[in-house]
Amino acid sequence: MASTEKGHAIPSAGGAGMFLEENWDLRWPNSNRIYAKMAREDAQVRSTLAAVELPPQRTTWRIDPNGADPAMVQLVSEDLRLPVLGDDGRTPLAVSPGHASWNEHLAHAMKYLTYGVYFFEKVYKTIDGRDRLWKIAPRPPLTIREIKTDPDGGLRSIVQTPGPGGKKPHEIDVDRLLVYVNDPTAGWTGQSLLRPAYKHWVMKDQYLRLEGQVLQRNGMGVPVYTAGSPENQKEVDAGQEIAEGLTAGEHSGASLPYGAKLAIEGTKGQLVSPREAILYHDHAISKAALAHVLNLDGKGGSYALADTQLDMFEQSLQTTAEYVSITGTRYLIEPLCRVAFDLENEPTAGPFPKLTFDPIGSKKDLSPGDLAILVQAGIILPDRDLEEEVRRRGNLPGKRPLNDPNREETSQ
């Protein structure tokens with residue numbers, strides 16, 4: 001029996017206010033500049049983001065036919081410039097004249113982890129009488145002025161700031177959008193992967209500045225001049241100039257009046273170094289992304305623990321890639337097929353092709369010994385393609401027939 005929806009999913013200051021960011025600096029859209037600054041300026045943040053962004057881009061993506069019409073599969077393969085699952089790679093990949101490319105799109109799409117959300121506008125163009133995907137145009141978070149939602153929590157549209165020379169903002173409806181959201185429980189602004197690392201980034205930045213001051217003030221000591229005649233102001237002033245101008249060098253030195261003293265005074269007592277606190281916050285930044293492996297420093301420890309941390313991190317990357325795959329299939333491939341094959345008014349149409357990828361962490365370079373074992377077991381055949389690949393990786397010359405007239409004969 002059909003029913004109407006009575007509730008809503010819009011966070012408010014009431015019971016659902018737990019979804020709202022309490023730090024005003026990190027409330028959207030102000031948060032976009034903070035997270036961009038973190039990713040741009042901090043080496044640990046940059047390496048952590050690279051650790052989670054690059055593996056999904058590095059793995060091989062394909063189009064799974066999924067029982068769809070071959071014409072649909074071919075069109076999706078061409079428009080996204082991806083091979084079809086099961087192809088042996090001998091057939092050249094046919095591509096459309098559009099600018100869309102899934103692999104290039106991924107580099108932008110993975111930024112949703114940095115900002116919490118990333119929007120793309122799907123642009124179609126009629127080619128040879130059929131609507132084709134022309135572009136997956138990124139709409140960076142720093143250009144988004146407003147996110148409009150319906151009472152049920154669904155996305156309605158986004159409002160983008162005017163472009164160069166423009167005066168009016170652009171409103172883009174949800175039907176034209178492809179959206180990636182990190183932690184949808186936070187709403188359509190999502191939650192950045194860097195949110196738990198923010199306080200550690202702030203404290204680390206303060207301690208780095210403090211360490212610089214400690215080194216500058218105490219690392220070389222402070223020249224101290226003691227006047228032989230304290231009542232002689234001229235001698236005191238001259239001594240001040242000597243102390244301020246004292247530098248290290250081959251011909252450095254100072255001439256003092258009788259009874260005066262010049263000493264390099266260091267810090268007395270124990271000097272507390274902020275380095276340990278800096279390392280703690282550095283490690284905490286990586287933990288926010290489950291990237292514990294970035295904190296391994298080679299000082300020993302349990303190999304089993306390292307393997308467990310790596311396995312957990314790979315599972316996290318696998319989950320991220322699966323989310324991107326599901327989102328791309330549902331909101332990019334399926335609408336593309338409906339638009340291209342005039343199925344927009346047929347809700348039960350399908351099945352449609354879907355995105356698939358090689359499991360992250362599954363790729364492994366085989367050694368010559370591994371290849372020999374696989375060939376002997378009959379798992380792979382030593383065909384021409386395999387031989388050429390082995391020669392290429394081993395930097396070996398190309399194969400030539402023994403009776404090749406151009407082959408140089410070696411003297412016996």
- Note on the structure: Share of accessible surface on carbon and sulfur in segment 67-146, whole %, 1.4 Å probe and ligands ignored, is 49
- State whether segment 35-133 is rounded, prolate or oblate according to the following rule on the C-alpha gyration tensor (a ≥ b ≥ c being the square roots of its eigenvalues): a/c under 1.5 gives rounded; otherwise a/b larger than b/c gives prolate, and the remaining case gives oblate. prolate
- Query: Heavy-atom accessible area of GLU388 with all protein chains present, probe 1.4 Å, nearest 10 Å²?
  - Reply: 90
- Determine the gain in length on full extension of the stretch SER47-GLN206; use 0.36 nm per residue of separation and subtract their C-alpha separation, reporting nm with one decimal. 55.2 nm
- Task: Please say if segment 93-224 is rounded, prolate or oblate, where rounded means a/c under 1.5 for a ≥ b ≥ c the square roots of the C-alpha gyration tensor eigenvalues, and otherwise the choice is prolate for a/b larger than b/c and oblate otherwise?
- Result: prolate
- With R₀ set to 22 angstrom, the calculated FRET efficiency between the beta-carbons of ARG176 and ALA107, to the nearest 0.05, is 0.55
- Message: Can you compute the modelled spin-label distance between ARG40 and THR149, with each label point 7 Å from Cα toward Cβ, in nm?
- Response: 2.9
- Separation in nanometres of the label points that stand 7 Å from Cα toward Cβ, at LEU54 and SER367: 2.4
- How big is the shadow of the Cα convex hull of segment 131-192, averaged over all directions, in nm²? 5.5
- In nm, the gap between the two label points placed 7 Å beyond Cα toward Cβ at ARG27 and LEU386 is 6.3
- Cross-link pairs LYS204/LYS287; LYS122/LYS168; LYS6/LYS168; LYS111/LYS199; LYS111/LYS354; LYS6/LYS111 - those with Cα-Cα distance over 24 Å: LYS6/LYS168; LYS6/LYS111
- Stretch ILE264-HIS99 to full length: gain in nm at 0.36 nm per residue minus the Cα-Cα span? 52.7 nm
- Query: Listed highest first by mean packing, meaning other Cβ atoms within 10 Å per residue, what order do 75-82, 274-281, 254-261 come in?
  - Reply: 75-82, 274-281, 254-261
- Note on the structure: When every protein chain stays in place and a 1.4 Å probe is rolled, LEU177, LEU374 sorted by accessible area with the largest first are LEU374, LEU177
- Query: Carbon-plus-sulfur fraction of the accessible area of segment 151-229, 1.4 Å probe, in percent?
  - Reply: 53
- Item | Residue-normalised accessible area of segment 137-257, given per residue in Å² at a 1.4 Å probe | 63
- Query: Taking θ as phi - 60°, what are the ³J(HN,Hα) couplings along segment 28-44 by the Karplus curve (6.51, -1.76, 1.60), each to the nearest whole Hz, with x for Gly and Pro?
  - Reply: 5, x, 4, 4, 4, 6, 5, 5, 5, 5, 4, 5, 8, 10, 9, 5, 5
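The values are calculated or read from the model by the stated rules, or taken from the named source; none is laboratory data. Everything quoted here is computed from the prediction, not taken from an experiment. Don't worry about glycine lacking a Cβ; one is built from the backbone with ideal geometry, like all the others, and counts go over all protein chains shown. Quick note on the areas: whole protein, heavy atoms, side chains included, nothing else; ligands and nucleic acids left out. Shrake-Rupley method; radii C 1.70, N 1.55, O 1.52, S 1.80 Å.
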